[in-house]
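Asker: Structure incoming, see below.
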Amino acid sequence: MKPSQALNRPLIYHIGDNSNTYEEEEITRRLGFRIGNLGLLIAQRAVSELLDIPQICSLPFTSSWLLGLINLRGNLVPVFDLFNLLQFQQIDKKQKLLILDQGESAGGIIINELPEHLSFSANDSLSSLPPLPDIIQPYATSGYEKNNQLWFNFEHIAFFKSLATKLKI
């Protein structure tokens, strides 16, 4: 084992155990963002980036939750307003654009708070999911509870594809 791996592995020391042994606990580390009170976790190996909101080219005669397209390094990326789509109240804070994935699979989401680094143990895993908005439920596959906040694994690629079928043109 490399020294960096040894230093970064999660260890639990059993108090009252005289054997001075350590047991590894599996920790899941993720990056999450919030849309209203809904916490969504970015897929573990997904590419993501955070931007100041660039100029968005609106598309006439489309749904109000599709803000338009941006040019990101030569790729046209759709920008979605999930607050509008989920009918959540927007908070007056400085907004950022969260880009999930890259190339043709990329999509942008307007967020009000910076994404958070989160760590979950097996004890944080939800045995069943609470009711979620219908439009997002198929793409929130599992979840965690941490500090009285719920976080859901978010299948963003499938979600973006589903939104493409819902556009009014």
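Asker: Determine whether residue 88 is assigned to a strand (DSSP E or B) and either hydrophobic (A, V, I, L, M, F, W, C) or touching a Leu at 6+ places or on another chain (Cβ under 9 Å) (or both). Break it down stepwise before answering.
Answerer: Details: assigned to a strand (DSSP E or B): no; either hydrophobic (A, V, I, L, M, F, W, C) or touching a Leu at 6+ places or on another chain (Cβ under 9 Å) (or both): yes.
The answer is no for residue 88.
Asker: Another one. For the stretch 63-100, give me each residue that is under 13 Å from residue 35 (Cα atoms) and among the aromatic types (Phe, Trp, Tyr).
Answerer: 80, 83, 88
Asker: Being among the polar types (S, T, N, Q), under 20 Å from residue 31 (Cα atoms) and free of Cβ contacts under 8 Å to residues at least 24 places away in the same chain narrows it down to one of 125, 64, so name that one.
Answerer: One residue alone meets the criteria, 125.
Asker: Anything in the stretch 28-49 that is without any contact (Cβ under 8 Å) to a residue 60 or more places away in the chain and not small (Gly, Ala, Ser)? List them, or say none.
Answerer: Let us first name the residues in the stretch 28-49 that are without any contact (Cβ under 8 Å) to a residue 60 or more places away in the chain, namely 36-37, 44-45, 47, 49.
Within the stretch 28-49, 37, 44, 45, 47, 49 qualify.
Asker: Right, next: Given the condition surrounded by 12 or more Cβ atoms within 10 Å (Cβ to Cβ), touching a Leu at 6+ places or on another chain (Cβ under 6 Å) and either at pLDDT 90 or above or not in a strand (DSSP E or B) (or both), answer yes or no: does some residue in the stretch 120-127 qualify?
Answerer: Within the stretch 120-127, the first condition is being surrounded by 12 or more Cβ atoms within 10 Å (Cβ to Cβ), and the residues that meet it are 120-121, 124-126.
Remaining after also requiring touching a Leu at 6+ places or on another chain (Cβ under 6 Å): none.
No; the residues of the stretch 120-127 include none that is surrounded by 12 or more Cβ atoms within 10 Å (Cβ to Cβ), touching a Leu at 6+ places or on another chain (Cβ under 6 Å) and either at pLDDT 90 or above or not in a strand (DSSP E or B) (or both).
Asker: Within the stretch 75-95, does at least one residue satisfy the condition of being modelled with pLDDT under 85 and of a type in the set (Asp, Glu)?
Answerer: Taking every residue of the stretch 75-95 in turn, at least one turns out to be modelled with pLDDT under 85 and of a type in the set (Asp, Glu).
For (1) β-branched (Val, Ile, Thr); (2) surrounded by 17 or more Cβ atoms within 10 Å (Cβ to Cβ), each residue gets a yes or a no:
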{"site": "57", "(1), (2)": "no, no"}
{"site": "62", "(1), (2)": "yes, no"}
{"site": "96", "(1), (2)": "no, yes"}
{"site": "107", "(1), (2)": "no, yes"}
{"site": "110", "(1), (2)": "yes, yes"}
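Asker: Here is a follow-up. Taking the stretch 128-158, which residues are outside any strand (DSSP E or B) and either touching a residue at least 24 places away in the same chain (Cβ under 8 Å) or of a type in the set (Asp, Glu) (or both)? Even if it seems obvious, please write down each step before you answer.
Answerer: Step one: of the stretch 128-158, the residues outside any strand (DSSP E or B) are 128-139, 147-148, 155-158.
The answer is 132, 133, 134, 135, 136, 138, 155, 156, 157.
The values are calculated or read from the model by the stated rules, or taken from the named source; none is laboratory data. Please read all numbers here as calculations on a predicted model, not as lab measurements. Quick reminder, even Gly has a Cβ in these numbers, built from the backbone with ideal geometry, and neighbours come from all protein chains shown.
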